[in-house]
Amino acid sequence: MSAVIAIEDRPAQKAKNGQLGEFSLAQARRIVGDHFQPNPWIYWIDFLVSWSLGMAAYALVRHPERFTANAAWHWPITIGLFVAAALLMYRCSLFIHELVHIRANEFTVFRFVWNLLCGIPFLIPSFVYYTHIDHHRRKHYGTHEDGEYISLSNLPAWQIVFYLSQVLVIPVAAIFRWGVLTPATWASPRLRDWVHQHASSMIMDPKYIRPLPTAKVRRMMRLQEVGCFLVVWFIVARMFFHAGVVFSEPLSPLFVVQAYLTGVFIVAVNAVRTLGAHRWTSHGGEMTFVEQMVDSVNYPHNPLLGGLWAPVGLRFHALHHIFPTMPYHALAEAHRRLMRELPADSPYRLTEGKSLTSEIASLWRRAKASEHAPAPTLARASA
């Protein structure tokens, strides 16, 4: 088993054995120095077209008869529309990752429109991802202060299955968070702080405790919370009541089923993507910059398929960790330049993954191997 891991998990093995070469951040920046300016037109067109097509497909999922009267085609059309709608909504959702890395005084209108059309209706307002910045702090990455990291390579393989199983309850938990806990926090400052620390972040590690916000940030968060609260209870009201001319009849229960399944689909795809975003080799202590880079994965191959499961630049996750402020539309070309111009022995070359399935399979093998190895002392608890 160890021989297989040494061959097939070469980056992880080299990191473990301290065999990583030199990497010059200054040299890399010189190579890609003209790729740091975001293009607003790309952001607007990409988001609005994806959102419009996604909403149209979502609305048509339960109406395949509009395409053909042949009943034999209704289920294939329904499934196709469902997958298309979910993938487009998934793409729209992941713009939250870009917003976190764009300075607060930039893209202000885009940020507002994204929250209005996507963040609040999808119950993922932008503030829930502010903790992502800690994932990029060199002293926090892979430690207990990084809520987006679990040492899965060093934990039993069932932890991977447990992590994936949570996709079934996350959509329901989100409804409870915004529909029930939000108004409860208005009456109890103590509960408000608890909800902020334990139920207000898009993270992997459920034991992560989010720091309390400043008064200014709290006011902005409260506005987004109110928006999500109104969305939840508007849908609940529409399920049981109608309002004359405006709403001629209550929402069909099938709407709730479709919404839940769409949520599960999006969360599941993102969870699988996350498993392949890193190699999860940290033991909980601080890692060097090069170790962090090699612990992250780029997927430059199969861009069409990769763009579906890792849209908005997320298939270049190692490059993103090197240059977090580089806009998503520049990552592919920047990666090509680095691979062409960096030295042949640059550790950056170890960041390339063959495919998502191969990386997840390697993760599973490392986790299974760790079950039979002496347990390391982890600086963080498992999820």
Next on the checklist: Quick check on segment 52-66: of everything there that is of a type in the set (A, V, I, L, M) and under 26 Å from the mean Cα position of the chain (by Cα), which residue is farthest from Phe122 (Cα to Cα)?
Outcome noted: Val61
Item to check | Conditions (1) modelled with pLDDT under 95; (2) surrounded by 13 or more Cβ atoms within 10 Å (Cβ to Cβ); (3) in contact with a helix residue (DSSP H, G or I) (Cβ under 6 Å, 6 or more places away or on another chain); number of the one not met by Met1 | outcome: (2)
Next on the checklist: Any residue at all in segment 142-149 that's out of contact with any strand residue (DSSP E or B) (no Cβ under 8 Å at 6 or more places or on another chain), farther than 21 Å from Val294 by Cα and touching a residue at least 24 places away in the same chain (Cβ under 8 Å)?
Outcome noted: no
Checklist outcome for this item: Only one of Arg210, Arg177 is in contact with a helix residue (DSSP H, G or I) (Cβ under 6 Å, 6 or more places away or on another chain), among the charged types (D, E, K, R) and within 21 Å of Gly119 (Cβ to Cβ), namely Arg210
Item to check | Lone unmet requirement of (1) surrounded by 15 or more Cβ atoms within 10 Å (Cβ to Cβ); (2) more than 26 Å from Met293 (Cβ to Cβ); (3) not aliphatic (A, V, I, L, M) for Phe67 | outcome: (1)
Next on the checklist: For Ile175, only one of the following conditions fails: (1) over 30 Å from Thr281 (Cα atoms); (2) surrounded by 18 or more Cβ atoms within 10 Å (Cβ to Cβ); (3) touching a residue at least 60 places away in the same chain (Cβ under 8 Å). What is its number?
Outcome noted: (3)
Checklist entry - Quick check, is Arg273 within 26 Å of Pro38 (Cα to Cα), free of Cβ contacts under 8 Å to residues at least 60 places away in the same chain and of a type in the set (Lys, Arg)? => result no
Item to check | Subset of segment 117-172 that is assigned to a loop (DSSP other than H, G, I, E, B) and β-branched (Val, Ile, Thr) - its residue that is surrounded by the fewest Cβ atoms within 10 Å (Cβ to Cβ) | outcome: Val169
Checklist outcome for this item: Scanning segment 224-250 for residues that are in contact with a helix residue (DSSP H, G or I) (Cβ under 8 Å, 6 or more places away or on another chain) and at pLDDT below 80 gives Phe247, Pro250
Checklist entry - Is it the case that some residue within segment 180-203 is closer than 25 Å to Gly54 by Cα, in a helix (DSSP H, G or I) and of a type in the set (Phe, Trp, Tyr)? => result no
Checklist entry - So which residues in segment 50-87 are within 18 Å of Tyr260 (Cα to Cα) and either of a type in the set (Ser, Thr, Tyr) or touching a Gly at 6+ places or on another chain (Cβ under 7 Å) (or both)? => result Tyr58, Thr78, Ala85
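Quick grid of which residues meet (1) touching a Gly at 6+ places or on another chain (Cβ under 7 Å); (2) surrounded by fewer than 20 Cβ atoms within 10 Å (Cβ to Cβ); (3) closer than 22 Å to Ser362 by Cα:
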site	(1), (2), (3)
Tyr260	no, yes, no
Phe265	no, yes, no
Glu286	no, yes, no
Val290	no, yes, yes
Asn298	yes, no, yes
Asn302	no, yes, yes
Item to check | Qualifying helices (runs of 4 or more DSSP H) (wholly inside segment 277-346; at least 3 residues being out of contact with any strand residue (DSSP E or B) (no Cβ under 7 Å at 6 or more places or on another chain) and small (Gly, Ala, Ser)) | outcome: none
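The values are calculated or read from the model by the stated rules, or taken from the named source; none is laboratory data. Bear in mind that the values here come from a model prediction, so they are computed numbers and not experimental data. No Cβ is skipped: glycine too gets one built from the backbone with ideal geometry, and neighbour counts run over all protein chains shown.
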